[in-house]
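The values are calculated or read from the model by the stated rules, or taken from the named source; none is laboratory data. These numbers come from a predicted model, not from an experiment. Cβ atoms come from the backbone with ideal geometry, glycine included; neighbour counts cover every protein chain shown. Heavy atoms of the whole protein, side chains included, go into the accessibility calculation; ligands, DNA and RNA do not. Shrake-Rupley method; radii C 1.70, N 1.55, O 1.52, S 1.80 Å.
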Amino acid sequence: MCSQKRRQSTVKAALRRAALIYLACFVAAVQAHDFWIEPESFRPAVNQKVPVRLYVGMDFKGDSAPYIPERFERYIFVGPEGEKPVAGVPGDDPAGAVTPTAPGRYIIGLHTQPAEVSFDTAEEFEKYLIKEGLERQLALHNQRKKLFKTVHETYFRCAKSLLVSGKPGETVGDKVLGFPLELVAETDPYRSQRLRLRLLYQGQPLDGALLIAFNKTEPLTKLKARTDKAGRAEFDLPQRGIWLVTSVHMIPAPLLSGYDWKSLWASLTFERP
């Protein structure tokens, strides 16, 4: 009995440590901006187990976050045989693993629970808006400035990763998962250098949003495009290898929520052969 209690205590302590690491990573993620899913292989063999890491950082450099299901709103693996949860052990890093069971195209998707961050000054927040291409929020921010200058923000992550296993058919590998903010590849990056994306907010096209794409081998070279009224933007991907596309959308937080702003961060990873 004592041995069992000690084991339970050890497991609980490990989960607490993992949760603290997770929260620290996600707070750092707002300051470091990028959050992305990076499987061990983007083109696994059928029935190959693929560990999955969740990264926070900048320019493809960052820390990986552990598997903490309490922080996941949805963490799913979607393929020819439907949708299933990403399996994992709480506290483990990599944050779960997936296994394609048939030839085809697959999606790993994660929608996180809300987290929060504060900016000490309005000027710090304004620099952040400009850096993320959210200039249209500046005027509203200036109208909403408070006597106390600290800016409080709540944020969500909506990340996706596209994989290919075996010899898939002709269909595009991406689909709409229903995330609050979602990047959807309308052309197949595993078959074409030209990538057309659509950005959806609450299922509707988002106009004028900044999309940023960059390759893991040259992460400081950023490709940028704004979405049109249909929520679409296109990139010509000049390099092979792993790519990350990101976008941010920000709206005023509801009154009495305790926050000034609510932001949603979308990302999409894939490997161009």
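So here's what we get for this one:
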| read-out | value |
| --- | --- |
| Of residues in the range 146-179 being under 18 Å from VAL117 (Cβ atoms) and not in a strand (DSSP E or B), the one modelled with the highest pLDDT | THR150 |
| Number of the exception - GLN239 against (1) in contact (Cβ under 8 Å) with a residue 60 or more places away in the chain; (2) within 23 Å of PRO39 (Cβ to Cβ); (3) outside any strand (DSSP E or B); (4) not basic (Lys, Arg) | (1) |
| Residues of the range 79-113 classified as touching a Lys or Arg at 6+ places or on another chain (Cβ under 8 Å) and closer than 30 Å to GLU153 by Cβ, total | 11 |
| Odd one out for ALA29, checked against (1) closer than 23 Å to GLY133 by Cα; (2) modelled with pLDDT of 90 or more; (3) part of a helix (DSSP H, G or I) | (2) |
| Any hit, the range 213-228, residues being part of a strand (DSSP E or B), hydroxyl-bearing (Ser, Thr, Tyr) and free of Cβ contacts under 8 Å to residues at least 60 places away in the same chain | yes |
| Verdict on LEU199 being buried (at least 19 other Cβ atoms within 10 Å of the Cβ) and not charged (D, E, K, R) | yes |
| Residue among LEU206, LEU237 that alone is open to solvent by less than 30 Å² (accessible area, probe 1.4 Å), modelled with pLDDT of 95 or more, over 19 Å from the mean Cα position of the chain (by Cα) and not basic (Lys, Arg) | LEU237 |
| Residue list for the range 119-145, restricted to those being modelled with pLDDT under 70 and either surrounded by 16 or more Cβ atoms within 10 Å (Cβ to Cβ) or of a type in the set (S, T, N, Q) (or both) | GLN137, HIS141, ASN142, GLN143 |
| Pick from the range 256-272, criterion charged (D, E, K, R) and in a strand (DSSP E or B), ranking: modelled with the highest pLDDT | GLU271 |
| Residue satisfying condition, being hydroxyl-bearing (Ser, Thr, Tyr), out of contact with any Ser or Thr (no Cβ under 9 Å at 6 or more places or on another chain) and within 24 Å of LYS61 (Cα to Cα), within set TYR155, TYR190, TYR201 | TYR190 |
| Whichever residue in the range 146-174 is surrounded by 22 or more Cβ atoms within 10 Å (Cβ to Cβ) and of a type in the set (S, T, N, Q) and, among such residues, is farthest from the chain's Cα centre (by Cα) | SER165 |
| Matching residues in the range 72-84 - criterion: being surrounded by 15 or more Cβ atoms within 10 Å (Cβ to Cβ) and on the phi > 0 side of the Ramachandran plot | none |
| ALA87 on the phi < 0 side of the Ramachandran plot, of a type in the set (A, V, I, L, M) and free of Cβ contacts under 8 Å to residues at least 12 places away in the same chain | yes |
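Residue-by-condition table, conditions (1) among the acidic types (Asp, Glu); (2) over 20 Å from the mean Cα position of the chain (by Cα); (3) open to solvent by less than 30 Å² (accessible area, probe 1.4 Å):
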{"residue": "VAL176", "(1), (2), (3)": "no, no, no"}
{"residue": "LEU210", "(1), (2), (3)": "no, no, yes"}
{"residue": "THR217", "(1), (2), (3)": "no, no, no"}
{"residue": "LYS222", "(1), (2), (3)": "no, no, no"}
{"residue": "LYS229", "(1), (2), (3)": "no, yes, no"}
{"residue": "SER247", "(1), (2), (3)": "no, no, yes"}
{"residue": "ALA253", "(1), (2), (3)": "no, yes, yes"}
{"residue": "SER257", "(1), (2), (3)": "no, yes, no"}
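Yes/no matrix, rows are residues, columns are (1) of a type in the set (A, V, I, L, M); (2) closer than 20 Å to ILE107 by Cβ; (3) not in a strand (DSSP E or B):
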| position | (1), (2), (3) |
| --- | --- |
| ARG43 | no, yes, yes |
| VAL46 | yes, yes, yes |
| PRO51 | no, yes, no |
| GLY57 | no, no, no |
| GLY62 | no, no, no |
| GLU70 | no, no, yes |
| GLU73 | no, yes, no |
| VAL78 | yes, yes, no |
